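Engineer: Next up is a structure, given as structure tokens.
Here, each number is a calculation from the coordinates, and none is a lab measurement. Keep in mind it's a predicted model, so treat the numbers as computed, not measured. We place every Cβ from the backbone using ideal geometry, glycine too, and count neighbours over all the protein chains shown.
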Amino acid sequence: MRVYFDYNATTPLAPEVIDAVVRATRDTFGNASSVHHFGQQAKAALDDARSAVAALIHADPSEIVFTSGGTESDNFAIRGASEALEPSGRRHLIASAIEHEAVLNTLRALTRRGWRTTLVPVDESGILSPDRLREAIADDTALVSVMHANNEIGTIQPIAELATLAHARGALLHTDAVQSVGKIPVDVRALGVDLLSLSAHKFNGPKGAGALWIKRGTRMQSIVTGGKHERNRRAGTENVPGLAGLGVAARLAAGKLAAEAARVGALRDRLEEGILRTVPGTVVNGARGSRVPNTTNISFDRVEAESLLIALDLEGIAVSTGSACSSGTLEPSHVLRAMGLSTHRTQNSLRFSLGMCSTAAEVDHVVEVLPRLVEKLRSLSRKVS
Amino acid sequence: MSGGVDSSVAAALLAEQGHDVIGLSMQLYDQSEGQTSFGSCCSIDDLHDARRVAAAINIPHYILNFERQFQEQVVSNFVDEYASGRTPLPCAHCNSDLKFTTLAERARSLGADAVATGHYARVEPLRLAGDNGARSGHVRYVLKRGVDAAKDQSYFLFSLTQAQLTRAVFPVGDRPKSAVREYARLRNLPVADKPDSQEICFIPDHDYRGFVEKQRPDTSRNGQFVDEHGSIVGAHDGVHRFTVGQRRGLGLTAAASGTPLYVLALRPTERQVVVGPKSSLERTTLSASGVNWLIDPPTASIRATVQIRHRHQAAPATVRAVAPGQAAVTFDAPQIAVTPGQAAVFYDGDVVLGGGWID
């Protein structure tokens with residue numbers, strides 16, 4: 001039995017999405033900028049996808065800019081907003097310490113170009129307290145970027161409160177919602193944000209397709225320049241098959257959001273409780289109350305996560321230690337470190353993330369296999385020490 | 001799996017023989033730090049090569065982060081040795097202190113029975129004869145030179161213990177390098193024509209002096225050249241920059257006689273580098289510490305051939321175990337450049353009897 005519990009890394013495509021991608025690849029090959037019939041068909045496919053994505057996050061279709069995915073959307077949000085605001089004299093950027101590297105490394109790049117940046121720490125539960133943002137924000141803060149749900153521990157940040165705080169000081173708020181869109185209800189107006197990133201492949205869509213929602217009236221500079229695609233905001237011939245897939249994935253997610261969150265949430269809880277019950281020395285990282293329903297992050301006392309991850313994979317069970325770096329090696333999680341957890345606990349943590357194809361049988365299989373593997377690794381480490 | 005052709009073929013051979021093979025690669029140092037130009041880094045590419053080979057032969061593959069252990073077990077020793085006027089042999093330490101300890105433990109925790117590497121060496125079980133008393137019939141593992149004499153790496157494996165050898169497998173040790181490459185081509189392994197790795201893996205620019213200075217900024221950067229009689233003949237910029245037997249790069253003007261000068265000895269406390277003619281490099285004796293015996297430690301002198309560096313033709317000698325972990329070697333004929341820090345490995349033909357670190 002092969003079990004895939006790494007949905008926060010990426011997800012399998014829904015069959016309807018595969019159909020849409022294949023159909024668009026075959027039948028809708030036109031360039032959406034072309035005047036003729038073929039171009040019109042491609043344009044129609046994009047419009048349809050745009051409406052579906054807008055509906056999923058309660059936005060207006062004209063506010064959706066298609067991108068190549070979450071990383072580009074984050075880059076666009078931060079670089080595009082900061083460049084547009086530079087003439088106003090604002091030279092300060094804020095992000096939470098637990099952001100995805102797409103945000104953290106973009107801030108680092110801007111630091112080298114003269115921007116001040118502040119990373120706001122989170123508490124031990126993995127949630128950013130509005131008070132800490134209040135302390136960090138300055139008169140010349142241009143943009144605050146805080147993720148909606150964290151990729152490693154799943155915690156949901158109080159975005160609406162943070163947005164109110166940012167706006168009170170004249171700053172924009174961007175949220176990387178790559179891990180929440182499609183898993184929980186996301187309403188851009190209720191969140192009160194100015195910019196929101198999303199990615200198709202995190203909710204059963206294809207890779208290489210995503211969007212940045214830009215609230216109407218927000219001043220932005222393009223970061224990909226060229227033709228007048230996407231209302232002059234993001235140049236480049238649109239990835240029609242990928243975006244058609246995004247549209248179908250968005251529609252599917254919107255249609256079953258509540259039911260699927262309840263189903264996956266129950267599986268996640270069953271897994272979490274099963275592990276805590278059967279494996280001694282385990283603890284959940286991050287607030288259990290305020291999380292996306294598919295994610296649990298657990299530290300295993302006296303077990304190196306790297307070894308347990310490999311042992312599980314050899315048993316056919318795919319999980320993750322959080323975020324893997326490009327070479328595929330494992331590094332202590334910056335998220336768990338930012339929560340102030342001991343080095344020990346950050347090196348012993350595994351992330352289990354569930355989704356569309358997960359079943360109770362899979363959960364029970366993992367709960368059955370895990371205690372034996374953990375005990376084996378612990379007995380070997382006892383021998384060595 | 002280093003991403004080179006030898007370990008790739010080792011894995012492919014075992015998989016072909018029907019073993020249940022798990023590919024492991026070690027990330028030993030941070031290749032991303034300070035890297036600004038694209039494509040300038042070799043080692044990440046090597047790890048990717050290992051992954052491609054694993055995919056090609058359809059085995060799981062994992063990269064283990066051993067940066068901390070490598071620094072502690074190999075790099076710090078390497079730097080210490082240079083700082084104390086010795087010439088280290090990091091590959092031997094890496095084999096016995098990392099690959100066949102930490103990596104082997106990790107492999108064992110994953111259920112592996114043995115650790116295979118791409119070394120050109122052989123390990124063979126030998127059933128002890130009936131006259132071995134209580135141990136008659138027990139199996140001892142014998143380490144032998146690789147079949148390809150030009151590629152033999154047994155010199156770097158002398159410090160493996162019996163327990164380590166029990167679980168060591170060297171699938172390419174019984175074939176010549178040309179056959180290894182031929183097999184890689186036959187199997188379409190993506191590394192079949194990759195050049196052999198050179199020198200010290202963690203110093204890709206070969207500037208070991210700069211590496212030592214960077215790791216130990218307090219390393220003394222000056223001192224004097226003296227001749228065999230103690231007379232000062234020049235100034236140098238750090239004892240760690242020299243190796244016994246070295247001729248090039250001394251920056252000395254030729255002696256009055258016009259004969260080239262060689263490094264004869266290093267005296268780190270006095271910050272002196274002793275230089276002299278090649279004839280003064282000859283030694284007939286050496287002592288070795290940290291001796292590892294792969295046979296029962298001999299109670300009397302034994303005859304052996306002794307190899308004192310990687311590219312040295314093992315020379316006939318008499319070896320005596322003078323104390324636990326200590327051995328005295330007397331060569332039949334003088335040897336050039338007996339270098340402290342290198343290994344003296346004792347052979348009986350192809351068989352490694354033991355070895356130690358030259359004092």
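Engineer: Tell me, B:CYS94, A:CYS357 in order of fewest to most beta-carbon neighbours within 10 Å? Please list the in-between numbers first.
Structural biologist: Working: B:CYS94 24, A:CYS357 13.
Taking fewest neighbouring Cβ atoms as first place, the list is A:CYS357, B:CYS94.
Engineer: Which FRET efficiency, nearest 0.05, do B:ARG127 and B:SER279 yield, Cβ-Cβ r, R0 56 Å?
Structural biologist: Working: r = 48 Å, r/R0 = 0.87.
The computed FRET efficiency comes out at 0.70.
Engineer: Still on this structure, I have one more. Sort B:LYS278, A:LYS183, A:LYS256 so the one with the fewest other Cβ atoms within 10 Å of its own Cβ comes first.
Structural biologist: So the residues, fewest neighbours to most, are A:LYS256, B:LYS278, A:LYS183.
Engineer: Using every Cα-Cα pair within region B:224-320, state what percent have a distance larger than 22 Å. Show your work: numbers first, answer last.
Structural biologist: Working: 1995 of 4656 pairs.
Percentage above 22 Å: 43.
Engineer: Rounded to a whole number of µm²/s, how large is the Stokes-Einstein D of chain B at 4 °C and 1.567 mPa s, given Rh as the Kirkwood radius over C-alpha pairs? Don't skip to the end; give the middle numbers.
Structural biologist: Working: Rh = 22.1 Å.
Estimated diffusion coefficient is 59 µm²/s.
Engineer: In nm, to one decimal, how far is the modelled label at A:SER88 from the one at A:GLU135, with both set 7 Å along Cα→Cβ?
Structural biologist: With each label point 7 Å from Cα toward Cβ, the separation is 2.6 nm.
Engineer: Tabulate in residue order the Karplus-calculated ³J(HN,Hα) for region B:308-317, using 6.51 cos²θ - 1.76 cosθ + 1.60 with θ = phi - 60°, rounded to whole Hz; enter x for Gly and Pro.
Structural biologist: 10, 6, 4, 9, 9, 6, 3, 10, x, 7
Engineer: Report the local net charge at A:GLU99: Lys and Arg +1, Asp and Glu -1, summed over other residues whose C-beta lies under 9 Å from its C-beta.
Structural biologist: On the way: positive: none; negative: A:ASP74, A:GLU101, A:ASP176.
Residues close to A:GLU99 contribute a combined charge of -3.
Engineer: Something else now. Once all Cα-Cα distances of region B:282-358 are split into 5 Å bins that start at 0, what whole-number percent is in each one?
Structural biologist: All Cα pairs, binned at 5 Å, distribute as 4, 18, 34, 28, 13, 3, 0 percent.
Engineer: Roughly what % of Cα-Cα distances in region B:220-276 sit above 12 Å, to the whole percent? Kindly include the intermediate steps, with their values, before the conclusion.
Structural biologist: Details: 944 of 1596 pairs.
Result for the distance tail: 59 percent.
Engineer: In terms of modelled amide H atoms, which long-range or inter-chain residues lie less than 5 Å from the amide H of A:THR67?
Structural biologist: A:GLY210, A:ALA211, A:LEU212
Engineer: Further question: Find, to one decimal place in angstroms, the Kirkwood hydrodynamic radius of region B:97-138, where the mean of 1/r is taken over every pair of different Cα atoms and then inverted.
Structural biologist: 12.8
Engineer: Shape of region A:126-255 from its Cα gyration tensor (a ≥ b ≥ c, root eigenvalues): rounded if a/c is under 1.5, otherwise prolate when a/b > b/c, or oblate? The partial results should precede the final answer.
Structural biologist: Details: a/c = 2.43, a/b = 1.33, b/c = 1.82.
It is oblate, given that a/c is not under 1.5 and a/b is not larger than b/c.
Engineer: What does the average come to when, for each residue of peptide B:104-115, you count the partner chain Cβ atoms lying within 10 Å of its Cβ? Spell out each step's value before the answer.
Structural biologist: Details: counts 0, 5, 6, 0, 4, 15, 9, 5, 1, 0, 0, 0.
That works out to 4 on average.
Engineer: Largest first, please: the extent of the C-alpha atoms of the protein assembly as shown along each principal axis, to the nearest Å.
Structural biologist: 91, 64, 53
Engineer: Here's something else I'd like to know. Given R₀ = 45 Å, what would the calculated FRET efficiency be for A:THR278 paired with B:ALA56, taking r from the Cβ atoms and rounding to 0.05? Kindly include the intermediate steps, with their values, before the conclusion.
Structural biologist: Details: r = 38 Å, r/R0 = 0.86.
Working from the Cβ atoms, E equals 0.70.
Engineer: Give a residue-ordered list of calculated ³J(HN,Hα) values for region B:350-359 (Karplus: 6.51 cos²θ - 1.76 cosθ + 1.60, θ = phi - 60°; whole Hz; x for Gly, Pro).
Structural biologist: Once rounded to whole Hz, the list reads 8, 8, 7, 8, x, x, x, 9, 5, 6.
Engineer: If contacts are Cα pairs under 8 angstrom and at least 6 residues apart, what is the relative contact order of chain A in percent? Please list the in-between numbers first.
Structural biologist: Details: 794 pairs, mean separation 89.0, N = 385.
Relative contact order here is 23 percent.
Engineer: Between helix B:5-16 and chain B, what is the angle of the helix's C-alpha long axis to the longest principal axis, kept within 0 to 90° and rounded to the nearest 10?
Structural biologist: Here the helix axis deviates by roughly 20 degrees.
Engineer: Related question: Assign one of three labels to chain A, namely rounded, prolate or oblate, based on the Cα gyration tensor with a ≥ b ≥ c the square roots of its eigenvalues; rounded applies when a/c is under 1.5, prolate when it is not and a/b is larger than b/c, and oblate otherwise.
Structural biologist: Verdict is oblate for chain A.
Engineer: If the chain between B:ARG267 and B:GLN224 were fully stretched, how many nm would it gain, using 0.36 nm times the residue separation less the Cα-Cα distance?
Structural biologist: Working: separation 43, 0.36 × 43 = 15.48 nm, distance 1.01 nm.
This chain segment gains 14.5 nm when fully extended.
Engineer: Just want the answer: with Cβ charges of +1 for Lys and Arg and -1 for Asp and Glu, which residue in B:VAL115, B:GLN162, B:ILE63 is farthest toward the dipole's positive end in chain B?
Structural biologist: Working it through, the farthest residue towards the positive pole turns out to be B:GLN162.
Engineer: Still on this structure: For A:THR218 and A:THR25 in one chain, what is 0.36 nm times their gap in residues minus the Cα-Cα distance, to one decimal in nm? Display every interim value, and only then the final one.
Structural biologist: Details: separation 193, 0.36 × 193 = 69.48 nm, distance 3.36 nm.
Separation in residues times 0.36 nm, less the Cα-Cα distance, equals 66.1 nm.
Engineer: About the Cα centre of chain A, how large is the charge dipole given +1 on each Lys and Arg Cβ and -1 on each Asp and Glu Cβ? Please answer in debye to the nearest 20. Mind dumping the intermediate values first?
Structural biologist: Values: 43 positive and 41 negative charges, 86 e Å.
In total the dipole reaches around 420 debye.
Engineer: For region B:220-276, what's the relative contact order in percent, using C-alpha pairs closer than 8 Å and at least 6 residues apart? Don't skip to the answer; put the middle values down first.
Structural biologist: On the way: 106 pairs, mean separation 22.4, N = 57.
For region B:220-276, the relative contact order is 39 percent.
Engineer: If you don't mind, another one. Take the alpha-carbon centre of region A:95-154, take the same for region A:335-385, and report the distance between them in whole Å.
Structural biologist: Region A:95-154 and region A:335-385 have Cα centres spaced 28 Å from each other.
Engineer: What percent do you get for the relative contact order of chain B when only Cα pairs under 8 Å and 6+ apart count? Spell out each step's value before the answer.
Structural biologist: Numbers: 713 pairs, mean separation 55.1, N = 359.
After rounding, I find 15 percent.
Engineer: If amide H atoms are built 1.01 Å from N in the plane of the peptide, which residues on other chains or at least 5 residues away come under 5 Å of the amide H of B:VAL142?
Structural biologist: B:GLU124, B:LEU126
Engineer: With labels modelled as points extended 7 Å from the Cα through the Cβ direction, what inter-label distance (nm, one decimal) is found for B:ALA323 paired with A:THR164?
Structural biologist: 7.8
Engineer: Report the full-extension gain for the segment A:ALA258 to A:ASN232: residue separation times 0.36 nm, less the Cα-Cα distance, to one decimal in nm. Display every interim value, and only then the final one.
Structural biologist: Values: separation 26, 0.36 × 26 = 9.36 nm, distance 3.58 nm.
Contour length minus the Cα-Cα distance gives 5.8 nm.
Engineer: Report, in debye and to the nearest 20, how large the dipole of region B:5-186 comes out about its Cα centre when Lys and Arg carry +1 and Asp and Glu carry -1 on their Cβ.
Structural biologist: On the way: 19 positive and 21 negative charges, 121 e Å.
Here the size comes out at about 580 debye.
Engineer: Sticking with this one: Under a Cβ-Cβ cut-off of 13 Å, what is the net charge of the residues other than A:ILE127 that fall near it, where Lys and Arg count +1 and Asp and Glu count -1? The partial results should precede the final answer.
Structural biologist: Numbers: positive: A:ARG132, A:ARG288, A:ARG291; negative: A:ASP123, A:GLU124, A:ASP131, A:GLU161.
After counting each charged neighbour, the total is -1.
Engineer: Let me ask another. Springs between alpha-carbon atoms under 10 Å, Gaussian network over chain A: tell me which of A:ALA32, A:ALA163, A:ALA361 tops the mean-square fluctuations.
Structural biologist: A:ALA361
Engineer: In this model, which of B:LYS151/B:LYS214; A:LYS43/A:LYS228; B:LYS144/B:LYS194 are farther than 20 Å apart at the alpha-carbon?
Structural biologist: The answer is B:LYS151/B:LYS214; B:LYS144/B:LYS194.
Engineer: Give, rounded to the nearest 20 debye, the magnitude of the charge dipole that the protein assembly as shown has about its Cα centre when Lys and Arg contribute +1 at Cβ and Asp and Glu contribute -1 at Cβ. Walk me through the numbers on the way to the answer.
Structural biologist: Values: 79 positive and 79 negative charges, 66 e Å.
That gives a dipole near 320 debye.
Engineer: From the residues A:GLY289, B:VAL139, A:PHE29, which one has its Cα farthest along the dipole of the protein assembly as shown in the positive direction, the dipole being from +1 and -1 charges on Cβ of Lys/Arg and Asp/Glu about the Cα centre?
Structural biologist: A:PHE29
Engineer: Using only the alpha-carbon atoms of region B:46-126, report the extent along each of the three principal axes, biggest first, to the nearest angstrom.
Structural biologist: 47, 38, 24
Engineer: Give me the base-10 log of I(q)/I(0) for region B:5-186 at each q in 0.16 Å⁻¹, Debye formula, one uniform scatterer per Cα, rounded to two decimals.
Structural biologist: One equal scatterer on each Cα of region B:5-186 leads to -1.13.
Engineer: By counting other Cβ atoms within 10 Å of each Cβ, how are B:LYS177, B:LYS99 ranked from fewest to most? Present the calculation step by step, with values, prior to reporting the outcome.
Structural biologist: Numbers: B:LYS177 18, B:LYS99 24.
Listed from fewest to most nearby Cβ atoms, that is B:LYS177, B:LYS99.
Engineer: Next up: Rank B:ASP113, B:ASP174, B:ASP152 by mean-square fluctuation in a GNM of chain B with C-alpha springs under 10 angstrom and give only the top-ranked residue.
Structural biologist: Evaluated over chain B, the most mobile residue of the options is B:ASP113.
Engineer: Here's something else I'd like to know. Could you work out the local net charge near A:ILE18, counting Lys and Arg as +1, Asp and Glu as -1, over the other residues with Cβ closer than 14 Å to its Cβ? Don't skip to the end; give the middle numbers.
Structural biologist: Numbers: positive: A:ARG23, A:ARG26, A:LYS207; negative: A:GLU16, A:ASP19.
So the surrounding residues net to +1.
Engineer: In whole Hz and in residue order, list the ³J(HN,Hα) couplings for region A:32-38 that follow from phi through the Karplus curve 6.51 cos²θ - 1.76 cosθ + 1.60, θ = phi - 60°; x for Gly and Pro.
Structural biologist: Going residue by residue, I get 4, 8, 6, 7, 6, 3, 5 Hz, with x marking Gly and Pro.
Engineer: Considering amide H positions built from the backbone, and no H for Pro or chain starts, which residues 5 or more places from B:VAL233, or on another chain, come under 5 Å of its amide H?
Structural biologist: Those lying under 5 Å, H to H, from B:VAL233 are B:PHE225, B:VAL226, B:ASP227.
Engineer: Could I ask something else about it? For chain A, set up a Gaussian network in which alpha carbons nearer than 10 Å are linked by springs, and say which option among A:ALA200, A:ALA168, A:ALA209 fluctuates the most.
Structural biologist: Looking only at A:ALA200, A:ALA168, A:ALA209, the biggest GNM fluctuation is shown by A:ALA168.
Engineer: Next question, about the same structure. Between A:ALA360 and A:SER290, what is the FRET efficiency for a Förster distance of 25 Å, r being their Cβ-Cβ separation, to the nearest 0.05?
Structural biologist: Details: r = 25 Å, r/R0 = 0.99.
The calculated FRET efficiency here is 0.50.
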